[in-house]
Amino acid sequence: MSPTTAAPKSLRPWWPFSSTRRVSWAWLGLLPFFAFVVAFLLAPSSFIFIGSFQDLKGSFTLDNVISLVTEPTIVAAYWLSIRISAVTAIGGGLLGFLLAYAVTVGGLPTPFRSALVTFSGVASNFAGVPLAFAFVAVLGRTGFITAILKNFFDFNIYQHGFNLYSFAGLSLTYMYFQFPLMVLIMAPALDGLKREWREASENLGASSFQYWQYIALPILLPSILGTMILLFGNAFGAYATAYALTGGSLNLVTIQIGAQMRGDVLHNPNLGYALAFGMVVIMTISLAGYSWLQRQTERWLR
């Protein structure tokens with residue numbers, strides 16, 4: 001008997017609206033998402049990219065992009081923004097990691113974890129003008145804590161070098177929404193550490209310090225560094241908090257963009273587009289590093 005051959009299966013077309021299959025109405029649910037991406041991501045990005053290579057008359061030019069690396073004021077703005085972002089990313093990352101460790105592995109009561117996670121969810125999104133006003137009301141020259149220290153302890157923090165409207169003050173303000181974001185991301189990562197790993201290390205005679213040195217921290221390190229990169233990007237793109245707190249006295253990239261877009265003296269929208277384009281490049285590099293580090297972490301925490 002000759003072997004029978006199975007009839008070849010017809011290839012299904014991938015297009016959901018093909019005439020050979022029924023229309024999948026589930027695709028309609030993605031239309032708002034695609035419209036949102038086009039309207040608020042692709043279109044503005046394209047507009048910024050094109051405007052970066054145009055002058056005020058719409059002619060092609062490289063002057064705006066070249067100014068990013070040749071104009072001292074712009075270079076200083078990028079450098080200051082990078083410094084503030086790095087300081088708050090490292091400081092917020094370390095503080096957030098310690099808090100996440102305390103409520104997950106440290107053995108604190110469950111209510112502490114619930115309270116910290118709830119606070120972190122709110123504080124990580126509390127920024128802009130309300131955050132600046134809150135810090136002015138608390139640590140400004142006539143702020144609540146400033147007045148208490150001055151009246152009851154005869155200690156004036158401003159006479160001892162503190163200034164809320166400086167690099168240190170803005171970094172402290174940014175820390176308020178940086179470390180809660182670290183807590184929200186690192187708490188699940190710490191929960192992902194398997195109990196079997198610690199038990200195996202203890203059975204082999206390792207101490208708690210050796211467990212963290214050789215097992216836990218190497219596994220968590222990509223996640224820690226990746227989250228710090230995310231914090232860097234979070235601070236790098238902040239505008240409203242810095243402008244409301246310092247009034248533009250600090251030379252940040254975001255404030256430079258605002259001055260070029262709506263300023264009377266420094267009005268050059270195309271240079272503002274170039275500044276934004278430079279920020280997009282830095283943010284893209286940061287997010288690429290974050291994605292790569294997250295993939296390294298997922299190999300262990302699956």
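What follows is calculated from the coordinates using simple rules that are stated; it is not laboratory data. From a predicted model like this one, the values you see are computed outputs, not experimental measurements. No Cβ is skipped: glycine too gets one built from the backbone with ideal geometry, and neighbour counts run over all protein chains shown.
Between S46 and M261, the C-beta separation translates, for a Förster distance of 25 Å, into a calculated FRET efficiency of about 0.90. For the range 148-302, the relative contact order comes to 26 percent (Cα pairs under 8 Å, sequence separation of at least 6). How high is the relative contact order of the chain, in percent, counting Cα pairs under 8 Å that sit 6 or more residues apart? Answer for the chain is 27 percent.
Length gained on full extension, A147 to Q213: 19.3 nm, using 0.36 nm per residue less the C-alpha separation. For the options I282, I157, I148, a Gaussian network treatment of the chain with springs between C-alpha atoms closer than 10 Å singles out I148 as fluctuating the most. Which parts of the range 237-256 would a label at V280 reach, counting a residue when its backbone N lies under 19 Å from a point 7 Å out along Cα-to-Cβ? In the range 237-256, the label zone of V280 (backbone N under 19 Å from the point 7 Å along Cα→Cβ) covers 237-239, 253-256. Residues L95, L164 in ascending order of nearby Cβ atoms (within 10 Å, fewest first): L95, L164.
Under a point spin-label approximation (7 Å from Cα along Cα-to-Cβ), what is the K194-W25 distance to one decimal in nm? Each label point lies 7 Å from its Cα, and together they span 4.5 nm. Taking 0.36 nm per residue of separation and subtracting the current Cα-Cα distance, fully stretching the chain between S166 and D63 would add 33.9 nm. In a simple Cβ point-charge model (Lys, Arg +1; Asp, Glu -1; nothing else charged), the range 45-298 has a dipole of about 260 debye relative to its Cα centre. With neighbours defined as other Cβ atoms within 10 Å of a residue's Cβ, the residues T118, T88 order from fewest to most as T118, T88. Treating r as the C-beta distance of A240 and V117 and R0 as 25 Å, the FRET efficiency rounds to 0.45. In this structure, I82 and Y158 have a Cβ-Cβ separation that, at R0 = 45 Å, corresponds to a calculated FRET efficiency of about 0.95. Subtracting the Cα-Cα distance of Q54 and S249 from their residue separation scaled by 0.36 nm leaves 67.3 nm.
Of interest is the spacing of the C-alpha centroids, which for the range 149-211 and the range 269-302 amounts to 24 Å.
Using a Gaussian network model of the chain in which every pair of alpha carbons under 10 angstrom is joined by a spring, one finds that among K150, K194, K57 the greatest mean-square fluctuation is at K57.
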